[in-house]
Amino acid sequence: MTITKTKRTGSVIFSEYKSGESIKKALSLKRDDILFEMRTSKLKGRGGAGFPTATKWMLAAASISKEKFVICNADEGEPGTFKDRVLLLEYPELVMDGMVVAGYTIGAEKGIIYLRGEYEYMIQSLEDYLENMRRENLLGNNILQTGFNFDVSIRMGSGAYVCGEETALIESLEGQRGEARNKPPYPVNTGFLGRPTIVNNVETLCAVSHIVVKGGEWFKTYGTDKSTGSKLFSISGDCKYPGVYELPWGTSINELLDKVGASHTKAVQVGGASGICLSKNEFDRKLSFEDVPTGGSIMIFNETRDMIKILKNYMEFFVEESCGQCTPCRIGNKKLLEGVKMIEEGTITYSYLKSLRELGHTMQVASKCGLGQSSPNSFISITEKFKDEIFRYGNGGNNGK
Amino acid sequence: MLLAEKNSLTEEIERLVEKYGSNRSSLLPVLQDIQRNHRYISEHAQQEIARVLDIHPVEVYSVISFYSFLNTKPKGRNIVRLCRTITCDLAGKDSIVKAVERELGIKFGETTKDKRITLEFANCLGMCDQGPAMLVNYKVYTKLTPEKAVEILNELK
Amino acid sequence: MENKDFRAPLSQKAHTVEKPAEPNQIGGTVSVEINEKKISVPLGTTILEACRQNQIHIPTLCYHDDLCIAGVCRICVVEVEGMRTLQASCAFPITAPIKIKTSTSLVRKARRDIIDLMLSEHYGECYSCVKNGNCELQNLAKEYGVDSYKFGHVKEPLFEIDESSYSVVRDMTKCIMCKRCVRTCIDLQEVGVLEAVGRGHETHISTFMDKPLGEVICINCGQCINRCPTGALHAQDPSDVVWSAIDDPNKHVVIQTAPSPRAAIGEEFGLEAGHSLTQELNTALKRIGFDAVFDTNFTADLTIIEEGTELILRLYKALAENDKSVALPQFTSCSPGWVKYLEHFFPEYINNLSSAKSPQQMFGALIKTFYAEKSGINPEDIVSVAVMPCSAKKFECNRPEMQDSGYKDVDFGLTTRELAKMIREAGIYLPEMPKTHFDSPFGDASGAGLIFGATGGVMEAAIRTIIEFVTGDKTEDVFENANVIPVRGFDGIKYLEIPITEVGEVPDLIKHLIPDWNWLKGVTIKAAVVHGTANAKKVMEDIIAGGKFSGCHFIEFMACPGGCLGGGGQPIPTNEEIRKKRAQAIYAEDESLEIRKSHENPNIVRIYKEYLKDGPCGHKSHKLLHTQYIKRGKYIA
């Protein structure tokens, strides 16, 4: 694959930035000043969960330990997400600089990029970039003669979606199966090797680089009150211009569909397989933490598509990608998949469908980690919003066929 | 496995452990390197890795079995992973499956008799804007057509 | 980043919030509200612990008192105010004032769904399961009123039953993935045979490369069985074959009963832990149809003489003759789980194992020789059964070298659980049986043999004899009431030193082996007692490193936590409290006996006079009562 540096435009992430800029600025500031800017910016994690980044950093900064870690979560595995691919290939300076800033702020000397196995082809360009930073003294010992040491290493995943969950990621780094930990304790206290650790999404770290240079107030001028800044959206599916878009939070589905040249759209899946499915009458809803939160995956389906087939694809994904440790997720997803197959066969009763939807709600609250808590989302939303398609398969009544 | 082969594998593992460190968190990098160099992690390799990292062989096996890209049985010289996530599916994954299976005479999940190619499915490759996509070993190919996919596979040694 | 402490993944480790030493200090406690009741608990108490302390019942499955926290079954979820999702109460340490609700409709529905999910993949029916009536999943289903399979039920078994091991049967069709066996095997015992394999819905518990259990480095300790909440793990049960032997008029069926089963079998009949039913059991066994009932403690006494003599000979060679090649410390060999552990993990140390057989196997060899001769029965017609607290004993009696009588020395090993089942099958309520004595020619044994059942027991029995052999003094003069307290109790590793300041006459029994005791004068005998293979590992690593334990003369190792009374064949459930009560029962019975030293057992004295005429460690005893071991190593072909 060739890396083409297309000139992208955007108000925040894709705005002007000179490599090393945020490191230089950060190292001239006190840790507290950086935390202050971060808090002002109200930046929330871009991986999907939306935890306030400043809070995470403050907790880690406050933890007393001889060793701390900054982990960049580049295990981008959510179906329909590819913004991190673009950032890592085209904007490595934003990611790496963000990691150095994070390290300086929380008092860590080691950074680790957990790169998904599927992105192994990127490793050379990333290693080259890091080597270059070391040459320019933006990485390594005594960075820019400030006495601050920080280095970044890259660790590969090996094909496991659940490792995108931060504690599963840490388990994987420790040489274990990628099984989520019990929380509390949170990684900010007890993370990698039991040390305070922050795990940040690639895009979050990119936003950090801009915030440090341009300030929290500047960042806040974009987006909405509770969703500050902008967001990268990975657009795929039935549209003319798929790709990565930077849009301010608060953009409506309709606006987005216009922009990417989508027509005759029946449904939009927001947030990937673990997200929710919106039907036509919801297209005025806004992408934001207040309304429809997302890590940025937007999949567009036009009127020719079969929602049950789509749902089946999602559920097959979760049955395979669940880590398998907790009961609701390991067996629950399988039951939901069997339910979808029953719909396809025209053998499901509505009362059983209702039981499955209730099971979905149980999975949302009782699963151990975010995977199991979000995997029933699409089952619940699609079977509720596209009932006519269930009818089409010949289901109906309580007597089976 | 011949004794000489066993010994060289042991040496290789010891070298890797020296490189990555002898703690458990080196397990995945070591496994990934063995996988890359040998296309699978043999029983002997697993037990040697367990020995040098001071863990139990079943723990090594347990970890391998968790990750899709690691395997304990030999596969083909080239591993082809076609993305089966919904966007690649909508973009025509099925026609590629048909073309490739017909061309190679094997199904997905199988390896050609000459051990040249193993066909597998993968979950989202992060190429949703350019589907259908597939990984051939560590290289990614996008915007596949059945014809293009077959051509790529035919060029594999 | 070197950190070897990370054995178990943190995902399976409890979050250990340091509990304050003094809970009354400021900040040492935290007040919480559970179901609107305000209580105060020490900081770091888990929700589950807090609820239990306040008589609030929370169902659990993956949680086990002996194991680290997994938090995977999710049955113990509760509502914590302000949190979006339910929290696993076993894994949630209380560090701030929170409000907890343990039985809201959301919680009840979630628990019910989780039970239904487990049942949907749990193959088979309760009435055809070994754990029927003692199954935690069954109890939960009952508690939550399950009356149908809401999410269906598996129609075909997804796994084949693995019966390759002599000791442990794995029926993964009944597994609910609580991982207690994994945590037992890797964390509690550090054997490392079982782990979760695969991912997603395919995840299951398996062995290295899915090999049959009989082919991997399983030590057969059966601790996994004791903690399995369902029927997924159970012991190889030979009771059907034992029944047919009993029913065969041409067979003379004898049974030996080990000390621990008697101290625990009452639990199988609804008694609280801690009731010994030794003599009731004798009667029951006769009523069932066994032709003779013997006391394994007899050969425990014999073990003390043989193993003690062996130790004296090793010490003599090492100390008096200055022979550097003598393997010391001498390790006990009565625990077949420990023996196999050593053979796999530290094969270079097999010469340290006492060559004396375990009491079970000594008895086996004597029954088909001495007893057969004495009672005029053709050994071919004898079926020798042993009831043991142990699953590894089943493997031990099948070791090919255990045929020194010319026949299979012990034909079948039964666990306490299996024997209880046979007794129930015979319509006998054990606690109400009249008391009878053991059969001759072996009769009742000493208290020393009896305490073999508890960790430290072999050591205590050995000390009671060796002190008297060497010094000529009474043990009572050294240890009050002959209770060797320093070796008792459940500390994982115990160490003691006995300085020998004066020596006496060499007793007649071993006079032909050593001239005098002068070489022992001024020597401090160092000994250790270890139970649980995880502790054994620590001690072995210390020995390899040349640490304190390498200077020991004698070490007692038991594979199971608590010793035999916590064995893999004992009644389920198990936890430290139960094991302690069993130990109390054993020590109380010992105190009640008149003869409490192996060498004072008159039948022991007699057997050396009448049968093992060339004395302890002599030719005949070597043929029948001693054995050798195999360097197995860790590698699995």
(request) Treating cross-link reach as a plain straight distance, find the lysines whose alpha-carbon is under 16 Å from the alpha-carbon of B:LYS75, omitting any fewer than eight places away in the same chain. (result) B:LYS107, B:LYS113, B:LYS115, B:LYS157
(request) Please work out the Kirkwood hydrodynamic radius for the protein assembly as shown, using every pair of different C-alpha atoms, and report it in angstroms with one decimal place. (result) 33.0
(message) From the alpha carbon gyration tensor of chain A, can you work out the equivalent ellipsoid semi-axes (sqrt of 5 times each eigenvalue) and give them in Å, largest to smallest?
(response) 39, 23, 18
(message) With unit charges on the beta carbons (Lys and Arg positive, Asp and Glu negative) and the dipole taken about the Cα centre of the protein assembly as shown, which residue among A:ILE113, A:PHE391, A:LEU337 sits farthest to the positive side?
(response) A:PHE391
(request) Would you please report the Å³ per residue occupied by the convex hull of the alpha carbon atoms in chain B? (result) 117
(message) Rounded to whole Å, give me the distance from the Cα center of the range A:34-104 to that of the range A:324-401.
(response) 35
(message) I'd like to know which of C:VAL385, C:LEU366, C:LEU271 lies farthest towards the positive end of the charge dipole of chain C, counting +1 on Cβ of Lys and Arg and -1 on Cβ of Asp and Glu.
(response) C:LEU271
(request) Find the cysteines in chain B that fail to meet the 4.7 Å Cβ criterion with every other cysteine, and list them. (result) B:CYS124, B:CYS128
(message) Based on the alpha-carbon set only, what is the convex hull volume of the range C:490-637 divided per residue, in Å³?
(response) 198
(request) With only Lys, Arg, Asp and Glu charged, each at its Cβ (+1 for the first two, -1 for the last two), find how big the charge dipole of chain C is about the Cα centre; round to the nearest 20 debye. (result) 1520
(message) If packing is taken as the average number of other Cβ atoms within 10 Å across a peptide's residues, how do C:90-103, C:170-183, C:356-369 rank, most packed first?
(response) C:356-369, C:170-183, C:90-103
(message) Against the empirical 2.2 N^0.38 Å scaling, what ratio does the C-alpha Rg of the range A:21-220 come to?
(response) 0.93
(request) Return the whole-Å distance between the Cα centroid of the range A:113-165 and the Cα centroid of the range C:97-129. (result) 44
(request) Tell me, rounded to the nearest percent, the portion of alpha carbon pairs in the range C:115-235 spaced more than 18 Å apart. (result) 50
(request) With a/c under 1.5 counting as rounded, go ahead and sort the range C:202-317 into rounded, prolate or oblate using the C-alpha gyration tensor (a ≥ b ≥ c being the square roots of the eigenvalues; past the cut-off, prolate if a/b is larger than b/c, else oblate). (result) oblate
(request) Before anything else, pin down the relative contact order of chain A: Cα pairs under 8 Å, at least 6 apart, normalised by residue count, whole percent. (result) 17
(request) Treating cross-link reach as a plain straight distance, find the lysines whose alpha-carbon is under 17 Å from the alpha-carbon of A:LYS66, omitting any fewer than eight places away in the same chain. (result) A:LYS110
(message) In 10 Å bins starting at zero, report the fraction of Cα pairs in the range B:78-154 per bin as a rounded %.
(response) 22, 60, 18, 1
(request) State the number of lysine pairs found in the range A:307-392 whose Cα atoms come within less than 18 Å, restricting to pairs 8 or more positions apart or on distinct chains. (result) 20
(request) Let me know the whole percent of all Cα-Cα pairs from chain C that are separated by more than 33 Å. (result) 49
(request) Could you pull out every one of the lysines with an alpha carbon less than 26 Å from that of C:LYS286, ignoring same-chain neighbours closer than 8 positions? (result) C:LYS251, C:LYS368, C:LYS374, C:LYS393, C:LYS394, C:LYS408, C:LYS421, C:LYS435
(message) Just to be sure I understand the curve: with the Debye formula and one point per C-alpha of the range C:406-562, what is log10 I(q)/I(0) at q = 0.12, 0.14, 0.15 Å⁻¹?
(response) -0.75, -0.94, -1.02
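Any read-out appearing in this document is the output of simple, stated calculations on the displayed coordinates, not a laboratory observation. Predicted model, so just to flag it, every value in this text is computed and none were measured. Quick reminder, even Gly has a Cβ in these numbers, built from the backbone with ideal geometry, and neighbours come from all protein chains shown.
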